[in-house]
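Here is the structure we will look at.
Just so it is clear, none of the values below were taken in a lab; they were calculated from the coordinates. These numbers were taken from a predicted model, which means no experiment stands behind them. We place every Cβ from the backbone using ideal geometry, glycine too, and count neighbours over all the protein chains shown.
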Amino acid sequence: MTGDGDEQNKPEDAAGWDSFDWETVSDGTTHSGQSEAGDMPDAGEDETASVGEWVSQGGVLHWEEPEGTPDDIASDLRREAQSQWAAETLTLPLGAPDALRVRGVRAWLARKRMLENEAMGMLLLERRQQSLHEDDVVVQRHPQAASETHPLDIAMAEHQAALAEYESLLAALDEVGMHNGPGRVLVEYHFLLGDRIAMLATAPEAPDDFAETQLFTTIERSQASALVTPVSRAEWDGRAGAVLQTRRRVERMTAPEEEE
């Protein structure tokens, strides 16, 4: 299951956001959000122009895309998944518009979905390579092996469940955005994630203390009617991991800026 360890894959542009100098901000002034590479010698103007920047006008902060950027840039999920908005370490400045905080969650969800797809592709390739070397004689000598679930199949089930969950959460975020103003989207979405966690807590695969540790409450669970298998547990892990990570992302995007 992919976790916070994907930080090593974060876009380089995200690093520049932490260098935003508030002392230089005034009406009509700008400060580039590019990475430290912009301070390197021989950095061309074209490279600088390809990076957006924060602009303060009349005391209101907004993000200005590079010249020539389509107005519907945020709707391109593939591009968003590879942008600074999807970075694990994305930190928005104090006063960032609510719509951009939503964008930071949506782009991140698109990136997580992309990473799960990549992980599944790697597992499929590895499974195919291993199947080419399987010896039927070994299966005949060890008949119990035929009924056991292959470890790669278990891993595949976890990633597939996580992928489906991210797909669902991405669609849910868009749905919430259709019925709420930017200032309420992440609030309502956080409630939705809490409901999703509560539902996961009732599953037979859930740890006994899952609701208590994640929701600080206890949830009555019905007697398990289905057998818990390695595959079903892996699927639960994939879904739960996706929801919990998404809740952390929302909380990161809505948290006030830390005081220095």
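Laid out as a table, the results:
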| quantity | calculated |
| --- | --- |
| Ordering of 178-186, 246-254 by burial proxy (mean other Cβ atoms within 10 Å per residue, highest first) | 246-254, 178-186 |
| Test item: Cα-centred dipole of region 75-254, Lys/Arg +1 and Asp/Glu -1 on Cβ, debye | 740 debye |
| Modelled FRET efficiency - R0 35 Å, Ala226 with Ala171, Cβ distances, 0.05 increments | 0.85 |
| Estimated FRET transfer efficiency when R0 is 51 angstrom, pair Thr218-Asp76 (beta carbons, to 0.05) | 0.70 |
| Two-site label geometry, Gln57 and Glu188: point separation in nm, points 7 Å out along Cα→Cβ | 2.8 nm |
| Theoretical FRET efficiency, 1/(1+(r/R0)^6), r = Cβ-Cβ of Asp208 and Gln130, R0 30 Å, to 0.05 | 0.25 |
| Spin-label pair Thr69/Thr89, simplified geometry with 7 Å Cα→Cβ offset, distance in nm | 2.1 nm |
| His179 paired with Glu251, simple spin-label distance in nm, labels 7 Å along Cα-to-beta-carbon | 2.5 nm |
